[in-house]
Amino acid sequence: MAGTVSKPTLVSLARQLGVSRQTVSNALNTPEVVKPETRERVLAAVRESGYRPSAMGRALRTRRSMNLAYRLYPATDGVNGAVMDRFLHNLVAQAQLRGYRVTLFDSASYDQEVEDLVEQHRAGLIDACVLTDSHVGDPRPRRLLEAKLPTVVFGRPWSDPGSPQPWLDIDGSVGCEAAVAHLRARGHTRIGFLGWPEGSGVGDDRCAGWRRGMAGLDLHGLRAATEDNVQQGAEATDQLLAAGATAIVCTSDSLALAAVSRLFSDGRPTGDVIGFDDTPVAGALGISSVAQPVEQAAATLVAMTVAQLHGRPLPDRQVLLPSRLVIRDPVGFTP
């Protein structure tokens, strides 16, 4: 029919790029064997063309469902959840580029999550899973390993450093250490840390960066622990101010919002509060924050998952990406 636009195929993409069909296939399925510049050209063309592999054809060839499982967690305060929203969006996009879909599900508990995943795998509904929310004492990676369910973990095995499960995490301590260095360069020596109670793994890691940055300074009274909400964060901010803190590094943007609100209500400058996660709220209010490379994390985790499913060795089974400091002017809260 006149005017009909044919769907892009591996052959048409290869012809357009001047490469072989196998090169296009490798860029999608075994990216580590393709030169980086060629891989980026292929993936850019794939995105622009809207090419999607035939899920049915691939499932018949590989005897796989072409589904990756991902558990959705309930929303908390509406601030920090934006980071995982970005992560999920990029996880889905990266999976689609390789012909996979992401199956979302909900579970009532960590134990139930493992049972749900194993049941889905045994029924042939999923090929692998991406675990998030890793925590101290997390039993899920070992249990899924015993169930022979291919798994990658977004987060470190805090209580099981010898875990053979592949994992990727973001080094929050680097960003917090950079935050302290920035504040020290501005002349602050009493820099408080507004964080979570000890034992969270993630929070302890961020606190460790603050401690490294504060080397040589008196830390007495400068660490306050609280739950991740604005009301309790404001009360913990009072503790730090009473101890003489003139600047504050926070373990989340929720707590940074609490600190900035309290300083603003007291008529104090708010520019020396630094949060964590670089959420849209922090950007809108001009709150400095530590950013996580969640887009890179999602792409790497999908590549690790696909490598496992194809029986290929992983270049790195443990990946730690750095966080980075984003400095802003406090446009939202200015006394």
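The values are calculated or read from the model by the stated rules, or taken from the named source; none is laboratory data. In this text, all values refer to a predicted model and were calculated from it rather than measured experimentally. Cβ: placed from backbone, ideal geometry, glycine included. Neighbour counts: every protein chain shown. Areas reflect the complete protein model, heavy atoms only, side chains present, ligands, DNA and RNA absent. Shrake-Rupley method; radii C 1.70, N 1.55, O 1.52, S 1.80 Å.
Please enumerate the residues belonging to segment 118-141 that are more than 21 Å from the chain's Cα centre (by Cα) and free of Cβ contacts under 8 Å to residues at least 60 places away in the same chain.
Val118, Glu119, Gln120, His121, Arg122, Ala123, Gly124
Filter segment 136-159 down to the residues that are surrounded by 17 or more Cβ atoms within 10 Å (Cβ to Cβ) and either part of a loop (DSSP other than H, G, I, E, B) or of a type in the set (D, E, K, R) (or both) and list them by number.
Asp138, Arg140, Arg143, Leu149, Pro150, Gly155, Arg156, Pro157, Trp158
For the subset of segment 302-317 comprising residues that are in contact (Cβ under 8 Å) with a residue 60 or more places away in the chain and closer than 19 Å to Gly162 by Cα, which member is nearest to the chain's Cα centre (by Cα)?
Top of the filtered list is Met304.
Among the candidates Asp116, Asp106, which residue alone is among the charged types (D, E, K, R), surrounded by 14 or more Cβ atoms within 10 Å (Cβ to Cβ) and over 26 Å from Pro293 (Cβ atoms)?
Going through Asp116, Asp106 in turn, just one is among the charged types (D, E, K, R), surrounded by 14 or more Cβ atoms within 10 Å (Cβ to Cβ) and over 26 Å from Pro293 (Cβ atoms): Asp116.
Show the residue pairs meeting these rules: Cβ distance below 6 Å; 6+ apart or different chains; first residue within segment 93-108 and closer than 14 Å to Ala128 by Cα; second residue open to solvent by 40 Å² or more (accessible area, probe 1.4 Å) and not in a loop (DSSP other than H, G, I, E, B).
Sorted first by the residue in segment 93-108, then by its partner, the pairs are Val102/Val92.
Can you tell me which residues in segment 276-301 are among the polar types (S, T, N, Q) and in contact (Cβ under 8 Å) with a residue 60 or more places away in the chain?
Of everything in segment 276-301, those that are among the polar types (S, T, N, Q) and in contact (Cβ under 8 Å) with a residue 60 or more places away in the chain turn out to be Thr279, Ser288, Gln292, Thr300.
Within segment 63-122, track down each residue that is assigned to a helix (DSSP H, G or I), within 30 Å of Leu255 (Cβ to Cβ) and of a type in the set (Lys, Arg).
Arg86
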